[in-house]
Every structure is written in C-alpha cells, then in structure tokens.
Amino acid sequence: VQLQASGGGLVQAGGSLRLSCAASGRTISNYAVGWFRQAPGKEREFVTAINRNGGTYYDNSVKGRFAISRDNAKNTVNLQMNSLKSDDTAVYYCAASASTSTISVDGRWYDYWGQGTLVTVSS
C-alpha cells in the first residue's frame, strides 16, 4: 500500500488542522494506521493509531486534543488536531501495518510509511 499524508500548514496556537493519510493500491481499512511526528532535532515519536476494528490509542501529550478516524469511502485515515500548541510543531507521518495483532507505538511495527506533512504552530 502507498500512503500520502497531507493537510499540514501554519496555524496559530490554539487553532486546528486536519491531516489526511490517503492510501492507494490497497484498502486502508485492512491495515492498522498510526501517526508519528518528528520535531526538528528530535527523534520520531508516536502520536496516535487506529486498529482494524476502529480501536484507538493516543499518546498522553495529545489525548483530548487529537482524534484519529477512518473514512473508508475515501480510503483515508484522518487526524483532527485541536488546541494546537507550539510543541506540536513537527513533520507528521502516517504509517500502516498489516499485522492483525494489537496496535503498537513502535515505528518498527509498521510496514508502510507516507512522506510526511509539516505542521507549524506559531505561538
């Protein structure tokens, strides 16, 4: 499956953005999908994931502010980001795993990666 992340941009602190991860070549509902981010000078970190059954998991840093969801009609997984903070500034990547086991926060568990989309939150 090929993944394309989009929706990044510049937003003021407290604002919202909606990222989209579009799949081609395969049906994205057959995969667990995660979002990761990498800030300048920092390691990549887990943000959130959704499994095949719709179960979700969030890092504590985004819980209550971000929401991951599937749009099977559009073959996408979306990330709604609200109440954005300057600490959320990063390149955001979506990733997919064909594994049937429970979702993971470890990037090595994911088989396919999108190219990333930049989110910049100004304070």
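The values are calculated or read from the model by the stated rules, or taken from the named source; none is laboratory data. Predicted model, so just to flag it, every value in this text is computed and none were measured. Here the Cβ is made from the backbone with ideal geometry for all residues, glycine too, and neighbour counts use every protein chain on show. Ligands, DNA and RNA are stripped out before the accessible areas are found, and what is left, the full protein with its side chains, is counted by its heavy atoms. Shrake-Rupley method; radii C 1.70, N 1.55, O 1.52, S 1.80 Å.
Tabulated data
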{"read-out": "Candidates 25, 9, 64, 107 - the one that is out of contact with any Asp or Glu (no Cβ under 7 Å at 6 or more places or on another chain) and farther than 20 Å from residue 119 by Cβ", "value": "25"}
{"read-out": "Residues of region 73-90 satisfying the condition of being part of a loop (DSSP other than H, G, I, E, B) and open to solvent by 40 Å² or more (accessible area, probe 1.4 Å)", "value": "73, 74, 82, 83, 85"}
{"read-out": "Candidate set: region 44-55, residues that are part of a loop (DSSP other than H, G, I, E, B) and open to solvent by 70 Å² or more (accessible area, probe 1.4 Å); chosen: the one farthest from residue 115 (Cα to Cα)", "value": "53"}
{"read-out": "Scan of region 56-72 for residues that are free of Cβ contacts under 8 Å to residues at least 40 places away in the same chain and not in a strand (DSSP E or B), ordered by number", "value": "60, 61, 62, 63, 64, 65"}
{"read-out": "Matching residues in region 42-55 - criterion: being modelled with pLDDT of 95 or more and among the small types (Gly, Ala, Ser)", "value": "49"}
{"read-out": "Residue satisfying all of: in region 91-114; touching a Leu at 6+ places or on another chain (Cβ under 8 Å) and closer than 12 Å to residue 47 by Cβ; surrounded by the fewest Cβ atoms within 10 Å (Cβ to Cβ) among these", "value": "91"}
{"read-out": "Residue selected from region 17-28 under the condition touching a strand residue (DSSP E or B) at 6+ places or on another chain (Cβ under 6 Å) and among the hydroxyl-bearing types (Ser, Thr, Tyr), by the criterion surrounded by the most Cβ atoms within 10 Å (Cβ to Cβ)", "value": "20"}
{"read-out": "Which listed residue, of 49, 23, is over 20 Å from residue 122 (Cα atoms) and touching a residue at least 60 places away in the same chain (Cβ under 8 Å)", "value": "23"}
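Conditions (1) open to solvent by less than 30 Å² (accessible area, probe 1.4 Å); (2) over 20 Å from residue 111 (Cβ atoms); (3) not acidic (Asp, Glu), marked per residue:
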site	(1), (2), (3)
3	yes, no, yes
13	no, yes, yes
30	no, no, yes
35	yes, no, yes
39	yes, yes, yes
42	no, yes, yes
60	no, yes, yes
